[in-house]
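Each remark here refers to the structure printed beneath this line.
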Amino acid sequence: MQIGKGKQGVILEEYGDNGSGFLGCIFPACDNNQWIMWFDSKGNAQLYTERETGKEHNGAVVGEPIKLKAREPHRTKSQREIERLKEEIAQLDTQMAGCLTAAEGWSCDEHAKKGDYGWSPAYQAVLELRKKYDGLLLLKSSLPKITLQSESVV
């Protein structure tokens, strides 16, 4: 496809993914075009500023290309906020899982410490409550069993 009129325009050629890594190119529409720019699927480009002349060379490139890297896509303030909230949700999920394991007594000697990814004030409270509960169970098991005799109704 040509953009612009006659020798003043540029030609765009699309190749698709043909295994070369390039999707297409752009070059001047003139007879003796001296540059060509190739594009890949990531948005990167390679600009060759010199080409062989003559039909027998079929416009082969000469020399090293100028490589242009694609910029990272621009993220809006809303997109950045959504990413931040997703990360926060992931951390909260981890903290809730920590609370559950602490409540069920599965926390080992190496539990999360303040500042760790999975630590939260709720986790610490559940961990301390579980330790008190385990202490009460131990105390209960060490006490003698007391049985009450039921009173007879006359």
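What follows is calculated from the coordinates using simple rules that are stated; it is not laboratory data. All figures in this text were calculated on a predicted structure; none of them were measured in a lab. For neighbour counting, all protein chains shown are included, and Cβ atoms are generated from backbone atoms with ideal geometry for every residue, glycine included.
Observations on the model:
- Exposed-loop-free span, longest in the chain, where chymotrypsin sites (Phe, Trp or Tyr not before Pro) count as exposed if DSSP calls them loop and at most 16 other C-beta atoms lie within 10 Å: 36-105
- Straight-line cross-link partners of LYS69 among the lysines, defined as a Cα under 16 Å from its Cα and at least 8 positions apart when in the same chain: LYS42.
- Charge tally in the Cβ shell below 13 Å around ILE82, where Lys, Arg are +1 and Asp, Glu are -1, ILE82 excluded: +1
- Point-charge dipole on Cβ atoms (K/R +1, D/E -1) for the range 77-141, about Cα centre, debye to 20: 200 debye
- Degrees separating the helix 121-142 axis from the principal Cα axis of the chain, which is the longest one: 30 degrees
- Mean Cα-pair separation over length for the chain, i.e. relative contact order, pairs under 8 Å, 6 or more apart, %: 10 percent
- Qualifying GluC sites (Glu not before Pro) for the range 55-86 [loop in DSSP, other Cβ within 10 Å: at most 15]: GLU56
- Residue order, fewest to most surrounding Cβ atoms within 10 angstrom, among THR76, THR53: THR76, THR53
- Label zone at MET96 (point 7 Å along Cα-to-Cβ), backbone N below 15 Å, the range 115-150: 120, 122-123
- [x] 18.7, 61; [y] 26.9, 95; [z] 35.9, 125, with the label sought being that of the calculated Rg and Dmax of the Cα atoms in Å: [z]
- Reach of LYS132 by Cα under 17 Å, taken over lysines that are not fewer than 8 positions away in the same chain: LYS140
- Computed from Cα positions, the angle between helix 77-103 and the longest principal axis of the chain comes to roughly 30 degrees.
- For the range 37-52, Karplus couplings with θ = phi - 60° (6.51, -1.76, 1.60), whole Hz, Gly/Pro x: 10, 9, 10, 10, 5, 8, x, 6, 9, 10, 9, 9, 9, 9, 9, 5
- For LYS77, the lysines whose Cα comes closer than 23 Å to its Cα, not counting residues fewer than 8 places off in the same chain, are LYS86.
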